[in-house]
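Peer 1: Quick one: the structure is below, and I'll ask about it shortly.
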Amino acid sequence: MFGSDNQAPAHPRVLEAMLAANEGRCGSYGDDPWTARALDLLYAVFETRDLDAYFVGTGGAANGLALSALCPPWAAILAHPHAHVLEDEGNGPEFFTSGSRLVALGSTGLLVQPEDVEAAGTRHSPDFVHGLQPRAVTLTNLSETGQTYSPDHLRAISAVCKKQGWALHVDGARFANAVVGTGASAAALSWRAGVDALSFGLTKNGAVAAEILILFGAARSPAAAYLRKRAGQLFSKHRYLTAQAVAMLERDLWLELAGHANQMAHDLGERFERAGASLAAPVMGNEVFVRLNTSKVSALQAAGVSFYPWATLGEDVYRFVASWQTTTEAVDTVASALV
């Protein structure tokens, strides 16, 4: 029920789009009208044509390919200590980059701060050939604790990166939720804030399996196309990926679905607080992190509510994730179990 947004089914409009794309023959490997339409929609969403988009099947592939396009094998990538790329991708980034090392920043807060990146620049001198040589910083928006990076926050981190000569990547598996949560545009949360590469996730928000690696401005590189091919992520029947993207981006379905999920999470957070439970982090998107005693945990499990422990925020903290399919009845089920 609240285990994760990737447990929800695909939205009907996505499935309808895939079925429509299943008619007849067309070009392969992206030479098809759905891919052309998806690119036009991305140009509109991000308010620029100065981007390259690579459609892939998984978020791990999008992140790994983004980092491989930004960072050479002999260099390092800096991330929050609990970043998904560090803790949950099975050394995938190291695989895709052919050896770039992922290193935790000295951040202890819910979000990476500009001073964390500044301190890393001080620790890792480009003049010391024996030491780590960072070439990229990766952030997650929404973060692993459901927090949003605002445009100003991103811009401040980007300024430090640019001073060091490092690239900035954003893991946007829940980028739609961050856009809705901040009220900022997709452009404001990406290239206008100095982001060089974005992993734009659609799967958690209602697609079947569709993620997009986007490289902006000077980060655009012909090498990315070869990296995707080498990684086995250039789908021959490409239209089934991009048909999903078209369905999500047309008529702003991606924002509608994320808005609903965010609202359900806010409602759930309020119901927890009314029941006397304390939130471990502010609800800024579609995730709720709450402190619960063992009796409440048992009551929720008995009511059939699914959720996960989240020890990085405390031994008594649990994560609940709302999706496009979450209903007010599901929120009511949680509230009733807490009484």
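Peer 1: Would you compute the Debye intensity of the chain from its alpha-carbon atoms alone, equal scatterers and no solvent, and pass along log10 I(q)/I(0) at q = 0.09, 0.12, 0.16 Å⁻¹ to two decimals?
Peer 2: Values, matching the q order: -0.48, -0.84, -1.36.
Peer 1: How much FRET efficiency would the formula 1/(1 + (r/R0)^6) give for Glu250 and Phe128, where r is the Cβ-Cβ distance and R0 is 51 Å, rounded to 0.05?
Peer 2: Details: r = 51 Å, r/R0 = 1.00.
That pair, Glu250 with Phe128, gives E of 0.50.
Peer 1: Okay, moving on. If you average 1/r over all unlike Cα pairs in region 180-219 and invert the result, what Kirkwood radius do you get in angstrom?
Peer 2: On the way: mean 1/r = 0.0895 Å⁻¹.
One decimal place: 11.2 Å for the Kirkwood radius.
Peer 1: Rounding to the nearest 20 debye, state how big the charge dipole of the chain is about its Cα centre with +1 on each Lys and Arg Cβ and -1 on each Asp and Glu Cβ. Let's see the in-between values first.
Peer 2: Numbers: 25 positive and 33 negative charges, 129 e Å.
Dipole size: approximately 620 debye.
Peer 1: To the nearest 10 square angstrom, how much accessible area does Phe235 have with a 1.4 angstrom probe?
Peer 2: Counting only protein heavy atoms, the figure is 80 Å².
Peer 1: Right, next: If the label point is 7 Å along Cα→Cβ of Ser4, which residues in region 303-339 have backbone nitrogen under 14 Å from it?
Peer 2: Under 14 Å, as judged by backbone N against the label point of Ser4, lie 307-310, 319-323 of region 303-339.
Peer 1: Moving to a separate point now. Starting from the Cα gyration tensor of region 157-263, multiply each eigenvalue by 5, take the square root, and state the resulting semi-axes largest first in whole Å. All intermediate terms of the calculation are to be shown ahead of the outcome.
Peer 2: On the way: eigenvalues 111, 92, 18 Å².
So the equivalent ellipsoid measures 24, 21, 10 Å along its semi-axes.
Peer 1: Right, next: Tell me, what does the Kirkwood hydrodynamic radius of region 119-200 come to in angstroms if you use every pair of distinct C-alpha atoms?
Peer 2: Working: mean 1/r = 0.0758 Å⁻¹.
About 13.2 Å for region 119-200.
Peer 1: Hey, any idea what % of the chain's accessible area is carbon plus sulfur with a 1.4 Å probe?
Peer 2: Numbers: 7410 of 14050 Å².
The value for the chain is 53 percent carbon and sulfur by accessible area.
Peer 1: Continuing with the same structure: Accessible area of His260, 1.4 Å probe, to the nearest 10 Å²?
Peer 2: Surface accessible to solvent at His260 totals approximately 70 Å².
Peer 1: If you stretched the chain out fully between Ala225 and Val103, how much longer would it get, using 0.36 nm times the residue separation minus the C-alpha to C-alpha distance?
Peer 2: Details: separation 122, 0.36 × 122 = 43.92 nm, distance 2.62 nm.
Using 0.36 nm per residue and subtracting the Cα-Cα distance, I get 41.3 nm.
Peer 1: Consider just the alpha-carbon atoms of region 1-140 and return their Rg together with their Dmax, both in angstrom.
Peer 2: 19.2, 59
Peer 1: With only alpha-carbon atoms in the gyration tensor, what are the semi-axes of the equivalent ellipsoid for region 57-184, in Å, largest first?
Peer 2: Values: eigenvalues 98, 65, 28 Å².
Rounded to whole Å, the semi-axes are 22, 18, 12.
Peer 1: For Lys296, give me every one of the lysines with a C-alpha distance below 16 angstrom, ignoring sequence neighbours fewer than eight places off in its own chain.
Peer 2: Cross-link targets: none qualify.
Peer 1: Under 12 Å from the Cβ of Val56, count the other residues' Cβ atoms, weight Lys and Arg +1, Asp and Glu -1, and hand me the total.
Peer 2: Values: positive: Arg228, Lys229; negative: Glu211.
Neighbour charge sum, excluding Val56 itself: +1.
Peer 1: Could you give the size of the charge dipole of region 71-210 about its Cα centre, using +1 on the Cβ of each K and R and -1 on the Cβ of each D and E, expressed in debye and rounded to the nearest 20? Display every interim value, and only then the final one.
Peer 2: On the way: 9 positive and 12 negative charges, 66 e Å.
Rounded to the nearest 20 debye, it is 320 debye.
Peer 1: What percent of all Cα-Cα pairs in region 6-83 falls in each 10 Å bin, counting up from 0?
Peer 2: The calculated distribution, bin by bin, is 13, 32, 36, 16, 4.
Peer 1: Determine the sum of side-chain charges near Gly27: Lys and Arg each +1, Asp and Glu each -1, restricted to other residues whose C-beta is under 12 angstrom from that of Gly27.
Peer 2: Neighbourhood net charge equals +1.
Peer 1: Here's another thing I want to ask about it. Suppose the chain between Leu15 and Ser28 were pulled fully straight at 0.36 nm per residue; how much longer would it get relative to their current alpha carbon spacing? Before the final figure, lay out each step's value.
Peer 2: Values: separation 13, 0.36 × 13 = 4.68 nm, distance 2.00 nm.
Here the segment from Leu15 to Ser28 would lengthen by 2.7 nm.
Peer 1: When a/c reaches 1.5 or more, the comparison of a/b and b/c decides; with that in mind, is region 70-145 rounded, prolate or oblate per its Cα gyration tensor?
Peer 2: Details: a/c = 2.37, a/b = 1.13, b/c = 2.09.
Cα axes put region 70-145 in the oblate bin.
Peer 1: Largest first, what is the accessible-area ranking of Tyr29, Tyr54 with a 1.4 Å probe? Display every interim value, and only then the final one.
Peer 2: Values: Tyr29 115, Tyr54 25 Å².
Putting Tyr29, Tyr54 in descending order of accessible area: Tyr29, Tyr54.
Peer 1: Suppose every Lys and Arg Cβ carries +1 and every Asp and Glu Cβ carries -1, with no other charges. What dipole size does region 246-339 come out with about its Cα centre, to the nearest 20 debye?
Peer 2: Working: 6 positive and 11 negative charges, 54 e Å.
The calculated dipole for region 246-339 is roughly 260 debye.
Peer 1: Just the accessible area per residue of the chain, please: how many Å² with a 1.4 Å probe?
Peer 2: Accessible area per residue, the chain: 41 Å².
The values are calculated or read from the model by the stated rules, or taken from the named source; none is laboratory data. Since this is a predicted model, take the numbers as computed values, not measurements. All Cβ positions, glycine included, derive from the backbone under ideal geometry; neighbour counts span all protein chains shown. Side chains included, ligands, DNA and RNA excluded: accessible areas come from the protein's heavy atoms. Shrake-Rupley method; radii C 1.70, N 1.55, O 1.52, S 1.80 Å.
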